[in-house]
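Chemist: One structure follows; several queries about it will come next.
Every read-out reported here was derived from the displayed coordinates using simple, explicitly stated rules and does not represent laboratory data. Since we're looking at a predicted model, the values are computed, not measured. Here the Cβ positions follow ideal geometry from the backbone for every residue, glycine too, while neighbour counts run over all protein chains shown.
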Amino acid sequence: METATGCIEIQFVPANEFGVLDHVVKLADGQSIRNSMRVVPNGDGSEVMFTLLQLPEMNERQFVKDVAMVETDLLTLKDVLEGGESVD
């Protein structure tokens with residue numbers, strides 16, 4: 001996948017019935033970052049939960065930037081799932 005910071009690879013855990021969408025993101029510099037993500041039922045819909053950790057080498061500014069990127073991604077996912085935006 002091409003991003004503003006370069007080409008990355010994303011590998012998800014195998015499909016499962018528990019809503020676990022954990023994945024590893026491999027950055028252009030070779031660094032691999034594990035991410036925890038879950039989808040849980042909630043009434044007629046569901047909730048997506050993403051755990052974002054501040055890595056030891058991340059300063060506060062980098063972490064805030066990471067938070068903003070994840071928030072943008074989650075809002076895009078919400079739009080797509082609710083029938084608004086399409087992903088190319």
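Chemist: Modelled label-to-label distance, ASN16 and LEU53, 7 Å Cα→beta-carbon offset: nm?
Modeler: Spacing of the two 7 Å Cα→Cβ label points: 1.6 nm.
Chemist: Full extension from VAL24 to THR5: what is 0.36 nm times the residue separation minus their Cα-Cα distance, to one decimal in nm? Walk me through the numbers on the way to the answer.
Modeler: On the way: separation 19, 0.36 × 19 = 6.84 nm, distance 1.64 nm.
Here the answer is 5.2 nm.
Chemist: Now a separate question. Within 13 Å, Cβ to Cβ, of PHE12, how many net charges do the neighbouring residues add up to if Lys/Arg are +1 and Asp/Glu are -1? Don't skip to the end; give the middle numbers.
Modeler: Working: positive: LYS26, ARG34, ARG38; negative: GLU9, ASP22.
Neighbourhood net charge equals +1.
Chemist: Enter the angle in degrees (range 0 to 90, nearest 10) between the Cα long axis of helix 60-81 and the first principal axis of the Cα atoms of the chain, meaning the one along which they spread out most.
Modeler: Taking Cα atoms only, the helix is inclined about 30 degrees.
Chemist: A follow-up question, please. List the GluC sites (Glu not before Pro) within region 10-65 that fall in a DSSP loop (any state other than H, G, I, E or B) and whose Cβ has at most 16 other Cβ atoms within 10 Å.
Modeler: Details: sites: GLU17, GLU47, GLU57, GLU60; in loops: GLU17, GLU57.
Answer by residue number: GLU17, GLU57.
Chemist: A further question on this structure: Per 0.36 nm of contour for each residue apart, how much would the distance between ASN42 and ARG61 grow if the chain were fully extended, relative to their Cα-Cα spacing?
Modeler: 3.4 nm
Chemist: Out of the chymotrypsin sites (Phe, Trp or Tyr not before Pro) in region 10-71, which ones are loop residues according to DSSP with at most 13 other C-beta atoms within 10 Å?
Modeler: Details: sites: PHE12, PHE18, PHE50, PHE63; in loops: PHE18.
Sites meeting the loop and neighbour criteria: PHE18.
Chemist: I've got another one for you. Write down the Å³ per residue value for the convex hull defined by the alpha carbon atoms of the chain.
Modeler: 123
Chemist: Normalised by the empirical 2.2 N^0.38 Å for globular proteins, what value does the Cα Rg of region 1-51 take? Can you show the working numbers first?
Modeler: Values: Rg = 13.3 Å, N = 51, 2.2 N^0.38 = 9.8 Å.
Scaled against compact globular proteins, the figure is 1.36.
Chemist: How many angstrom lie between the Cα centre of region 38-88 and the Cα centre of region 8-22?
Modeler: 15
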